[in-house]
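Report on the following structure.
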Amino acid sequence: MKLKENIAGFGVLGILTVLVLLPLAAVLAQVVCPGLSPDKFDAGNLRLVLDVFVRPLWKKAFFNSAGLSLATTVFGLLLAGALAHVRVRYDFPLARLLDIVSWILMIMPSFILAQGWVFFASGNGIASSWLHIPGMSSFLFSFPGLVCVMVLCKYPMAYVAIKAALEWYPARLVHAARMNGASPLRVWRTVQMPLCLPAYFSAAMLIFMDTVGDYGMSSTITAVYAFPTLPYTIYSAICSSPVRFDMAGVLSMYLVVMIVVAMGLQFCAMGRKRFDFLSCGTERVMPRKPGPVKGAVITAASGVFCLAALGIPVGSNFIMSFSDSFSIQKFRFTLDNYRGVLELDGALLRGVQNSLSLAAVAAVIGLLVGFAAAYLLTYSRFKLKRLIDLLTLTAMAVPGVVLGIGYIFVWNQKWLASVGLNLYGKPEILILASVASAVPLINRVLVGGMSKVPEQLLTASQIQGAGLAGRIRTVLLPLLHSSTVSAVLAAFGGSVFNLAITTILYPPNFSTLPVYISDAYNDLKFGYAAAATIVGGTFIIGIMLILEFVLNIGKRKQNADNT
């Protein structure tokens with residue numbers, strides 16, 4: 001048994017090293033060894049590390065990313081906490097809508113949301129031309145405006161984490177504090193709030209990591225408003241002529257350092273304190289009906305918020321898809337955009353097919369690797385399993401643009417051609433990168449599911465003569481059905497809409513859905529890009545719903561038999 005665990009452990013470590021560690025190391029090595037060419041090695045290039053505070057573009061990109069990420073984290077956390085608090089405590093008509101909107105925003109790519117906001121708030125957009133709202137363009141295309149858009153895009157991850165923590169109420173501890181004379185406010189401040197710190201810190205970390213590494217939002221907004229960020233500037237360094245390997249390496253290093261510092265601050269704040277409070281004295285919070293006035297205010301505020309967060313970007317894309325001009329001010333209704341998009345031999349169909357194929361392969365391979373990693377982390381005695389945990393966490397934290405550039409450096413080496421492994425410019429490199437981005441998410445979801453399955457069940461099955469495969473098939477998989485389906489769907493959807501990786505790595509004449517939409521948008525074909533967004537997004541969501549239905553057929557039959 002131990003031998004099998006060690007073999008599986010070293011196998012997973014090897015896969016994660018190739019998928020995550022080598023690309024990251026290759027990017028950072030560009031500082032002293034541009035292009036990973038030994039003849040170009042120059043330790044003196046380390047002085048470039050300090051140039052980020054001297055060169056105007058590097059400096060602006062660094063402070064833009066740092067300021068935008070910090071502001072989005074603070075305000076996103078406040079918004080998510082307020083929404084989660086209201087959602088858990090009160091029962092109001094639009095409560096379920098708040099959850100649905102948050103989940104949709106969480107899985108919707110940021111570049112599509114940004115595209116909708118540009119259509120809405122640009123100088124000749126919907127807000128100015130139709131709604132006659134003054135100053136919307138000057139506000140949105142400014143630092144405070146970008147923070148508002150980013151908060152509306154990134155808060156859902158924090159909302160889900162905080163809401164899950166607030167749904168449980170430490171009744172015994174609260175009653176003890178109240179009996180000792182503590183006021184409700186002091187009880188919340190000294191008892192409830194401290195116990196929810198892990199959820200708040202995790203939520204803040206999720207927002208910060210997703211914001212600082214976001215390429216889709218910055219690449220879309222930059223087409224209208226000059227606001228360089230680290231991810232977009234790194235991408236520009238690779239696409240410029242001549243290619244700036246040193247610039248990409250330095251800026252990638254600072255991007256990684258930001259995330260490492262944030263993770264370190266989270267660890268220091270949490271320390272080794274215990275925050276577990278789920279016991280016999282814990283009760284699930286039951287939402288209560290608010291008063292008539294408060295209920296009306298909460299319902300109205302929730303409706304306006306959902307309309308602003310999701311209705312504006314999606315609605316703007318929908319309206320723009322029927323425009324024959326790039327300006328809403330000159331809007332004339334047409335179906336030509338949809339006719340062009342729906343051509344059977346058109347590029348959109350090929351892009352969707354390529355994206356679906358990549359996502360399907362990445363989801364399957366990612367599930368196998370992620371399941372093995374989760375099993376080792378939860379049940380094995382493998383001595384290096386903490387290293388596996390660190391690598392999966394690193395893969396989750398490393399931005400897609402850094403990972404994609406790392407794959408270029410690793411798989412574009414001349415000597416690999418002699419052994420048939422020069423993968424740059426081939427679809428296979430997209431599969432590897434998609435697997436690398438899918439594995440951490442699948443692993444985290446499955447670790448959460450496995451943590452609820454006692455090891456004694458597997459031990460009992462082993463005593464009865466079941467081998468490892470038998471224990472997984474008869475014990476783990478049935479109990480992890482919901483977690484597995486959620487992990488596969490999340491990885492599938494994330495792989496389909498991964499703009500950063502596909503933009504950097506897609507081979508010639510191998511378009512994907514995100515690249516197709518982004519190229520149309522950058523060519524100022526706004527109506528066509530919006531139509532492609534609506535058609536492609538609807539098709540992908542339909543595929544995911546069908547996939548979810550098919551994967552849950554067995555569970556539905558089992559539930560029907562039990563009833």
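Could you work out how far apart the two model spin labels at residue 357 and residue 17 are, taking each label as a point 7 Å from the Cα in the direction of the beta carbon, and quote it in nm?
Label-label distance for residue 357 and residue 17, simple model: 3.2 nm.
What ranking, highest mean first, results for peptides 386-392, 488-494, 18-24 when packing means the other Cβ atoms within 10 Å averaged over each residue?
Averaged packing, sorted descending, gives the order 488-494, 18-24, 386-392.
If R0 is 22 Å, what FRET efficiency do you get for residue 553 and residue 472 from their C-beta distance, rounded to 0.05? Walk me through the numbers on the way to the answer.
Working: r = 21 Å, r/R0 = 0.94.
For R0 = 22 Å, the calculated efficiency reads 0.60.
Between residue 393 and residue 133, what length comes free when the chain is fully extended (0.36 nm per residue of separation minus the Cα-Cα distance, one decimal in nm)?
Roughly 89.2 nm would be gained on extension.
Could you compute the FRET efficiency for residue 453 and residue 304, with r as their C-beta to C-beta distance and R0 at 51 Å, rounded to 0.05?
Between residue 453 and residue 304 the formula returns 0.75.
Hey, got the Cα dimensions of segment 95-143 along the principal axes, in Å, largest first?
So the extents along the principal axes, rounded to whole Å, are 33, 22, 18.
Positive end of the dipole of the chain, charges at C-beta (+1 Lys, Arg; -1 Asp, Glu), about the Cα centre: which of 418, 160, 179 has its Cα farthest in that direction?
Looking along the dipole axis, the top candidate is 179.
What does the charge count around residue 83 come to, taking other residues whose C-beta lies under 12 Å from its C-beta (Lys +1, Arg +1, Asp -1, Glu -1)?
Value of the local net charge: +2.
Using 0.36 nm per residue of separation minus the Cα-Cα distance, give me the extension gain between residue 3 and residue 334 in nm, one decimal.
Full-extension gain reported as 112.6 nm.
Treating only the Cβ of Lys, Arg, Asp and Glu as charged (+1, +1, -1, -1), what charge dipole size does segment 53-336 show about its Cα centre? Round to the nearest 20 debye.
Taking the Cα centre of segment 53-336 as origin, the dipole is about 960 debye.
Give me the dipole magnitude in Debye, nearest 20, for segment 403-506 about the Cα centre, with unit charges on the beta carbon: positive for Lys and Arg, negative for Asp and Glu. Intermediate values should be presented prior to the final figure.
Working: 6 positive and 2 negative charges, 9 e Å.
Using only the charged Cβ atoms, the result is roughly 40 debye.
With each pseudo-label sitting 7 Å past Cα toward Cβ, what's the residue 70-residue 124 distance in nm, one decimal?
3.9 nm
Over 29 Å between Cα atoms: which of 59/154; 154/383; 60/154; 60/426; 154/525 fall into that group?
Pairs exceeding the cut-off: 154/383; 60/426.
Going highest first, how would you order 71-81, 188-198 by mean Cβ packing within 10 Å?
The peptides rank, most packed first, as 71-81, 188-198.
Could you tell me whether segment 53-336 comes out rounded, prolate or oblate from its Cα gyration tensor? Rule is a ≥ b ≥ c as square roots of the eigenvalues, rounded for a/c under 1.5, then prolate if a/b exceeds b/c, otherwise oblate.
Oblate is the answer for segment 53-336, as a/c is 1.5 or above yet b/c matches or exceeds a/b.
In nm, to one decimal, how far is the residue 47 label point from the residue 414 one, both placed 7 Å along Cα→Cβ?
For residue 47 paired with residue 414, the spin-label model returns 2.9 nm.
I want the local charge near residue 511. Using Cβ-Cβ distances under 9 Å, sum +1 for each Lys or Arg and -1 for each Asp or Glu among the other residues.
With Lys, Arg at +1 and Asp, Glu at -1, the neighbours total 0.
How high is the relative contact order of segment 53-336, in percent, with contacts defined as C-alpha pairs under 8 Å that are six or more residues apart?
33 percent
With each run of n ≥ 4 DSSP H residues scored as -39500 (n - 2.57), what mean residue ellipticity at 222 nm is computed for the chain after dividing by its residue count and rounding to the nearest 500 deg cm²/dmol?
My calculation for the chain gives -21500 deg cm²/dmol from helical runs alone.
Using the alpha carbons of segment 129-214, what is the convex hull volume per residue in cubic angstrom, as a whole number? Provide the component values of the computation, followed by the final result.
Numbers: hull volume 12.6 nm³, N = 86.
So the per-residue hull volume is 147 Å³.
Work out, step by step, the length gained on full extension between residue 178 and residue 195: first 0.36 nm times the residue separation, then minus their alpha carbon distance; give nm to one decimal.
Gain in length upon complete extension: 4.5 nm.
How are the alpha carbon pair distances in segment 330-386 distributed across 5 Å bins from zero to the largest one, expressed in percent?
Calculated over all Cα pairs of segment 330-386, the distribution is 4, 15, 12, 11, 9, 9, 8, 7, 7, 6, 6, 4, 2, 0 percent.
Based on the alpha-carbon gyration tensor of segment 49-159 and its eigenvalue square roots a ≥ b ≥ c, which shape applies: rounded if a/c is under 1.5, prolate if not and a/b is larger than b/c, or oblate?
Verdict is oblate for segment 49-159.
Quick check: from the Cα gyration tensor, does the chain come out rounded (a/c under 1.5), prolate or oblate?
Details: a/c = 1.38, a/b = 1.08, b/c = 1.28.
Cα axes put the chain in the rounded bin.
Calculate the FRET efficiency for residue 343 and residue 546 from the Cβ-Cβ distance with a Förster distance of 25 Å, rounded to the nearest 0.05.
For R0 = 25 Å, the calculated efficiency reads 0.60.
Using only the alpha-carbon atoms of segment 480-554 as identical scatterers, what base-10 log of I(q)/I(0) does the Debye formula give at q = 0.12, 0.14 Å⁻¹?
-0.42, -0.55
How high is the relative contact order of the chain? Use alpha-carbon pairs under 8 Å, at least six apart in sequence, and give a whole percent.
About 22 percent, as a whole number.
Of 74, 316, 136, which is farthest along the charge dipole of segment 53-336 in the positive direction, counting Lys and Arg as +1 and Asp and Glu as -1 at C-beta?
74
Determine, for each peptide in 88-95, 331-338, the mean count of other beta carbons within 10 angstrom over its residues, then list the peptides with the highest first.
Highest to lowest by the protection proxy: 88-95, 331-338.
Can you find, among 360, 285, 431, the residue farthest towards the positive end of the dipole of the chain? Put +1 on the C-beta of Lys and Arg, -1 on that of Asp and Glu.
285
By count of other Cβ within 10 Å, fewest leading, how are 100, 221 ordered?
With the sparsest Cβ surroundings first, the list reads 100, 221.
Values in this text are rule-based calculations from the coordinates and carry no lab data. This is a predicted model, so every value here is computed, not measured. In this analysis, Cβ positions are derived from the backbone assuming ideal geometry, glycine residues included, and neighbour counts consider all displayed protein chains.
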